[in-house]
Amino acid sequence: MSRPISITIDLDAIRHNFDYAQSLAKSSHTMAVIKADAYGHGAVATARALGDKAKLLAVSSIEEAVILRQNHIKTPILLLEGCFCSSELGVVDDLNLQIVLHNQQQIQDLLNASLSAPIDVWLKVDTGMHRLGLTAHDSAQAYQQLLTSQNVRSIMWMTHFATSDQPDAPFLEGQLEHFRTAMALVSNNVSDLSFSMANSAALMATPASHGAWNRPGIMLYGISPFSQPNTLAEPLIPAMQFSSKVIALRSLAVGESVGYGATWVAQQPSIIATVAAGYGDGYPRNAKSGTPVLINSQIAPLAGRVSMDMLCVDVTHLSNIKVGALAELWGKELDVNQIAHWSDTVGYELVTRMPTRAKRSFINERTVN
C-alpha cells in the first residue's frame, strides 16, 4: 500500500470558475493565466480543460510556453514578462506567441528582429506598482514606434494593480487614472485603444477596470484573491483537494507534549491523530497550533509543529475517528486561505509551491484542445 497523501485536481471546477469569470464581464474576452504550472494545478491539464473556452493563455516565461506547445496546446499564448533576451524572439516567432513589452530593451529588440510574420504585443504601463512597465511618456513614445513596425500586428495596452484585493483603496483609483492619462497621450478617445487591466480581484470587484481582455488567475482555481471574506468570491469552486489519512492515534495524559520542540502540551486528557502529511509534501511548516484540519469532515486543530512527513491533530472532541480516517488539508470543504492565514502567508503561495512527492491526479478530464 502506498503512502496515502494525494492531490486531486477537479478540472470541471476550473471550467466552472472560468465561466464565472467570463460572466462578470460579458463584453470582454477572458484569458486564462496558467503561469507557475497553473498555480500548482497543472498547466497542460488546465489548458486542455479550457481549450473550448479560453481563447488566450498567459504564462510567465518562454519555458512554460514551450511545454504547452510540446504537449500540443494550440491556443494562443501570451508571455507576461516578455522575452528575457533577444534570442527568444526566434522561439516566439516559431511558436506563434504573443509578448508583453515592459522595457526599452525589449522594444528595441523587437524593432530590430527579423520575424517571419508580425506578432501581437502588449505594451505594459507602470501605473504605480513599480515592478515592470514603462512610464506614461515612454509608453506613448513606444506606441508610436510599434505602430510603424512590420514586426507588430496589434498593440494591446496593459497595466497591473497593486491593491485590487482592496477595491475601496484610493491607490487603485489612482492607478486607473494614471493608465487613462497614459493612453490619452496617444488618443483623444481612449476607448479606441484596446487594453487589459483586470486581474482576478479587479475583475470581480472593480468593473471600471474591465477591458478588451481580462486576466483572471487565482480565481480560476477556486481561490479568493481577497484578504477578507467577499460575497463576490462565493461562487468559486476550489479545484485542488489536498488530503491524506490518519496513520496513528495516541492517548496523552495532562502535561504530555507532541512533536518537535514539545511546543504543544495537553491541558486535558487528549487524543492525538498523526496524519501522513508534512512540509515535504507542501503543507506549510510554519502553520501554527490551532490551524484547522478536516478529519472525516470534522474540524480539528493542528497540534504542535509540522514535521517533514507528518503532522498531528487534536481529535479529542471528534467522534468515531479511526486509523485510516480521511484528512482534508485543504479543498472544497476547507479553504486554503484559512490555512494560509494560520501560516502567515497567502493561498497563492501554498498551491504554487507543491512538491512532486504527493500523488497528483485529475478528475473530469476532457480532451478539447
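The values are calculated or read from the model by the stated rules, or taken from the named source; none is laboratory data. In this text the structure is predicted, and so the values were computed from the model without any measurement. Every residue, glycine as well, gets a Cβ built from its backbone with ideal geometry; the counts of neighbours run over all protein chains shown. Note: accessible area is taken over every heavy atom of the protein model, side chains too, but ligands, DNA and RNA are not part of it. Shrake-Rupley method; radii C 1.70, N 1.55, O 1.52, S 1.80 Å.
Among Ala287, Met308, Val336, whose Cα sits farthest toward the positive end of the charge dipole of region 227-352 (+1 at Cβ of Lys/Arg, -1 at Cβ of Asp/Glu, about the Cα centre)?
So the residue furthest toward the plus end is Met308.
Set Lys and Arg Cβ to +1 and Asp and Glu Cβ to -1, take the dipole of the chain about its Cα centre, and tell me which of Ala32, Ile155, Leu134 lies farthest positive.
Checked the options; the winner is Ala32.
What are the ³J(HN,Hα) couplings of region 288-302, residue after residue, when phi is run through the Karplus curve with 6.51, -1.76, 1.60 and θ = phi - 60°? Round to Hz, x for glycine and proline.
Calculated HN-Hα couplings, in order: 7, 4, x, 4, x, 10, 9, 10, 6, 6, 10, 6, 9, x, 4 Hz.
Rounded if a/c is under 1.5, else prolate if a/b is larger than b/c, else oblate: which is region 67-182, with a ≥ b ≥ c the root eigenvalues of its Cα gyration tensor?
Oblate, since a/c reaches 1.5 and b/c is not below a/b.
Rounded to the nearest percent, how much of the accessible area of region 63-113 (1.4 Å probe, protein heavy atoms only) is carbon and sulfur?
51
Taking the chain as a Gaussian network, where each spring joins two C-alpha atoms under 10 Å apart, which residue of Ser139, Ser87, Ser224 fluctuates the most?
Ser87
Could you work out how far apart the two model spin labels at Lys53 and Glu177 are, taking each label as a point 7 Å from the Cα in the direction of the beta carbon, and quote it in nm?
So the two model labels end up 3.7 nm from each other.
At 1.4 Å probe radius, can you tell me the per residue accessible area of region 143-218 in Å²?
Averaged over the residues of region 143-218, the accessible area is 43 Å².
Considering the dipole of the chain built from charges on the beta carbon (Lys and Arg +1, Asp and Glu -1) around the Cα centre, which of Ile9, Ser61, Ser116 is farthest to its positive end?
Ile9
Using a 1.4 Å probe and ignoring any ligands, DNA or RNA, find the accessible area of Arg353 and quote it in Å² to the nearest 10.
100
Label points 7 Å out from Cα along the Cβ direction at Thr231 and Asp344: separation in nm?
For Thr231 paired with Asp344, the spin-label model returns 3.5 nm.
With +1 on each Lys and Arg Cβ and -1 on each Asp and Glu Cβ, and nothing else charged, work out how big the dipole of region 291-369 is about its Cα centre, in Debye to the nearest 20.
So the dipole magnitude of region 291-369 works out to roughly 300 debye.
With a 1.4 Å probe and every protein chain kept in, tell me what percent of the accessible surface of region 285-354 is carbon plus sulfur.
Within region 285-354, the accessible surface is 53 percent carbon and sulfur.
I'd like the per residue volume of the convex hull spanned by the Cα atoms of the chain, given in cubic angstrom.
Hull volume normalised by residue count: 148 Å³.
Might you report the magnitude of the Cβ-based charge dipole of region 193-317 about its Cα centre, with Lys and Arg at +1 and Asp and Glu at -1, to the nearest 20 debye?
120
For a label point 7 Å from the Cα of Ser194 along Cα→C-beta, name the residues of region 36-57 whose backbone N is under 12 Å from it.
56
On a full-extension model of 0.36 nm per residue, what is the gain between Asn71 and Leu147, subtracting their alpha-carbon distance, rounded to one decimal in nm?
24.0 nm
Can you sort Phe362, Phe84, Phe242 by solvent-accessible area, 1.4 Å probe, largest first?
Phe84, Phe362, Phe242
What dipole magnitude, in Debye to the nearest 20, does the chain give about its Cα centre under +1 on Lys/Arg Cβ and -1 on Asp/Glu Cβ?
Charge dipole, the chain, about its Cα centre: 880 debye, nearest 20.
Please figure out what share of the DSSP beta bridges in the chain is antiparallel and state it in percent, rounded to the nearest 5. Could you put the intermediate results ahead of the total?
Numbers: 27 of 54 bridges.
Here the antiparallel bridges make up roughly 50 percent for the chain.
Is region 1-107 best put as rounded, prolate or oblate by its Cα gyration tensor, with a ≥ b ≥ c the root eigenvalues, rounded for a/c under 1.5, and otherwise prolate when a/b is larger than b/c, oblate when not?
oblate
Just to be sure I understand: if I project the alpha-carbon convex hull of region 298-365 onto a plane and average over all orientations, what area do I get in nm²?
6.1
Just round it to a whole percent: the fraction of Cα-Cα distances in region 196-256 exceeding 14 Å.
Working: 1204 of 1830 pairs.
Looking at region 196-256, the distances longer than 14 Å represent 66 percent of pairs.
Average the reciprocal distances over every distinct pair of alpha-carbons in region 318-357, invert the result, and give the Kirkwood radius in Å.
11.8
FRET efficiency for Leu326 and Gln166, Cβ-Cβ distance as r, R0 = 25 Å, nearest 0.05?
0.10
When a/c reaches 1.5 or more, the comparison of a/b and b/c decides; with that in mind, is region 175-227 rounded, prolate or oblate per its Cα gyration tensor?
prolate
Accessible area per residue for region 278-368 in Å², computed with a 1.4 Å probe and the full protein assembly in place, what is it?
Working: 4510 Å² over 91 residues.
Using a 1.4 Å probe on heavy atoms only, each residue of region 278-368 averages 50 Å².
Taking only protein heavy atoms and a 1.4 Å probe, what accessible area per residue, in Å², does region 7-133 have with all protein chains in place?
39
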